[in-house]
1. Can you find a residue in the range 175-184 that is away from the ligand (no atom under 16 Å from the Cβ) and among the charged types (D, E, K, R)?
2. Tell me which of these Glu509 doesn't satisfy, since it passes every other one: (1) among the acidic types (Asp, Glu); (2) surrounded by 21 or more Cβ atoms within 10 Å (Cβ to Cβ); (3) more than 13 Å from the ligand (Cβ to nearest atom).
3. Based on what the data block shows, is Trp415 of a type in the set (A, V, I, L, M, F, W, C), in contact (Cβ under 8 Å) with a residue 60 or more places away in the chain and in contact with a helix residue (DSSP H, G or I) (Cβ under 8 Å, 6 or more places away or on another chain)?
4. If you take just the strands (runs of 3 or more DSSP E) that sit entirely in the range 45-123, which of them hold at least 1 residues that are closer than 21 Å to Trp155 by Cα?
5. Report whether or not Val504 is closer than 30 Å to Tyr336 by Cβ, modelled with pLDDT of 95 or more and not polar (S, T, N, Q).
6. Would you mind finding the one in His494, His483 that is open to solvent by 10 Å² or more (accessible area, probe 1.4 Å) and either under 18 Å from Asn360 (Cα atoms) or touching a residue at least 40 places away in the same chain (Cβ under 8 Å) (or both)?
7. Looking at the range 364-389, I want the residues that are in contact (Cβ under 8 Å) with a residue 40 or more places away in the chain and have a partner that is in a strand (DSSP E or B) and open to solvent by 10 Å² or more (accessible area, probe 1.4 Å) with Cβ atoms under 6 Å, at least 6 apart or on another chain. Which pairs are those?
8. Among the candidates Arg626, Arg645, Arg633, Arg695, which residue alone is of a type outside the set (Asp, Glu) and without any contact (Cβ under 8 Å) to a residue 12 or more places away in the chain?
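The values are calculated or read from the model by the stated rules, or taken from the named source; none is laboratory data. These numbers were taken from a predicted model, which means no experiment stands behind them. Please note: Cβ atoms are built from the backbone with ideal geometry, for glycine as well, and neighbour counts cover all protein chains shown. Areas reflect the complete protein model, heavy atoms only, side chains present, ligands, DNA and RNA absent. Shrake-Rupley method; radii C 1.70, N 1.55, O 1.52, S 1.80 Å.
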Amino acid sequence: MNRRNLIKAGVAGLSGLLVRGRKLEAQEAAPPATPSKLPSSPRHVLSLNRNWLYGGKSVAGSTRPDFDDSGFQRVTIPHSNSLFPWHSFDEKDFQFVSIYRRHFRVPPELRGRRIFLDFAGVMTAATVTLNGEKLGEYRGGYTPFSFELTAHLKWGASNVLAVEADSTERPDIPPFGQNIDYLTFGGIYREVSLRAVPDVYLENVFAKPVDTQSDSHRVDVRCYIARPSGAGAGALRLKVELRDGQKVLSSASQEAQIAEEGTLVPLTNLGDIELWDLEHPKLYSVTAQLYDGAKLIDEYATRIGFREARFTSDGFRLNGKTVKLRGLNRHQTFPYVGAAMPARAQRRDALVLKKELKCNIVRTSHYPQSTHFLEACDEVGLLVFEEIPGWQHIGNQAWQDLAVRNVGEMIRRDWNHPSIVLWGVRINESPDNHDFYTRTNAVAHQLDDSRQTGGVRYLVNSELLEDVYSRNDFGFPLQPPNHPLYLNTEFVGHTFPTKRYDNVDRAMEHVWRHARVHDQLASDKQYAGGIGWCAFDYNTHFNFGSGDRICYHGVSDIFRIPKPAAFFYKSQCDPKEEILLEPCFNWSQGDESQGGGIRKATICSNCDHLKIYEKDRLKIEVDPDRATYPHLRYAPFVVNLLNLRLEDWGDLRIDGYINGEKVISKTLPGDDKDDQLRVEPDDLELDGDGIDCTRVVLKVTNSEGGWRPFSSGAVSLKIEGPGEIIGENPFSLSGGAGAVWIKARQSPGTIRLHARHPYLGAKVVEIRVKAARPEVI
Ligand code: GAL
């Protein structure tokens, strides 16, 4: 049987699973229902992620309340409708309509309120049925949606919610209609909650900092109030506050209008405020309270940051200072589960981009991504270019209407994130379409006049209806900017796919290609900067990528493990933040195409001088390659090591200097060998909520901790305690490394993960699981 058949037959591969939704995870017992005693509060948002029943492919009658779901599998949201090996699977396996059911009772205290069911994201369309009544279908896999349940609920009895998730590639919904080079995956892959609000309630709040660079700074807080049609409006008042932690910095109150354009409540006299910037991303909170007479009936809280972000003819300016944008595109997918990763994994990507890859911007290619990711971008100071779903294709009028709706949904969801500096309102790399893009731009400008619009094109001279000319330029040298406000949104990518364990010549060429684009971008202030393609390798369709369902376009692999090109990005940070010295080769590796040694050994570093020793004898001194990269602040070092190899081959030591002072040193063993298996969890503590998870990197290293790119071996995993393995078991190391994720079950305790390599022995790591707050319903 080949590998694919083995996986389908469920006898090997992913821990305890079968593809197509039969037995995707080990079944967890339902925890005992907790008696509800909700604290008194004007609104309740109750998470509804546990104890869903998943039935795989939807069959006739499966939305009926009396349908027998006793054979369904108990799952926790976010959930992927199928699990996969990390590559070489059939992308048809997630393209089906699945059925999810949830039995619930609404806490009696909520009687009399309006009850909404909020979905953060279901791929790609969701039909929601409550107690046998179909509430409707929402089309779109990347934007949130709600259904009001109030009129259909049973009080004091069990309700049956049924969600059919249509994860087929429906041509009526963006991005579909033609080929796309990434996978959307399927299922209820973002969180669900139940929201209880009064009859008249706060639907949204846009808290917009204004004049942040002057003493007259203020926050324009626009409150959107909803009420059932026909309900009379009483004397409603709004009270709005700006807070720093618990401290109230400013407050204002005024009569509320129930109008489409909301009610504007300016907050002034803020006193000294700290700006949100890349180094100190200071966040404040804004709360809006809605009063009916003297009675508080609803409240809404959000976070903001004070910053001015503008693309100008002098490049991008943040708080008046020019910042050359250096970033990467991110797809939201992960190995094994597609996009169905919980908050911790989403947040970690923002950290990787900012702290490990030292980017200052990310583009959420090609759709709105998890709010957990965006919140982390706010917190770490990572700028964001967020765009609507789509890829190259523009559909018919109804399709375009959906895309226009997506613009509004994206902006209304995300307008308070200080990290977002540009709204992408074109379908990525689509042809011009005057009417369509006039509409998308109008919606963006009307909803949010504080941010510019962009829209990613590949055509050199396409019609500009946006504020910023953002274009994918995969050529080299790059085209000169053809507009004063110009941002390069993609380069390298498919023009030089590189695997983490590719031949050293290719890996270094990958580094140079990214470096020379950034060098050219640094040469002209009119380039606002560049966002390379891309951060992480991603799963794709059969007709793209390397034939194993992966586009190897990342500077890191699909497990988020860096390739040498990642070292270039990393090395561009100020040494005050971190001193870096990253050789892009393995000293003992001798398979360069020219044979015999590395003539252009590349070292990415923010040092200004390197001394290279072999067997502790100084052999070479080298400065950054400023001839090739005259504009980069930290040009890579390129050095001919050929002769060193021909001499008495021993350990290579590289010492890095800044202003004449030795600041860092690295040794690459001459007789490099596999020394140990490392098992490295990103986190040592998880929440016992049935979904929280952490990545565990498995890799073979030499005695110095250096990665061994051609090591292999199947690492067998065994787990004890309240956890599950998301991933392949045994895991066959690919290029000496890889990763699985460990997911917490719904009980506290200690997870022990045992990993055994065929010849490097065994390791055990422990991860604590703490008790999570129970779900009320
Ligand atoms: C671009 C496209 C990206 C990705 C990239 C690969 O044309 O916008 O989504 O496919 O090519 O290099």
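1. The answer is no, given that none of the residues of the range 175-184 is away from the ligand (no atom under 16 Å from the Cβ) and among the charged types (D, E, K, R).
2. Every listed condition holds for Glu509 apart from (2).
3. Yes, satisfied.
4. Qualifying strands (runs of 3 or more DSSP E): 52-57, 97-104, 114-119.
5. So Val504 fails the test.
6. Every option except His494 fails the conditions.
7. His366/Trp391; Gly381/Pro281
8. Arg626
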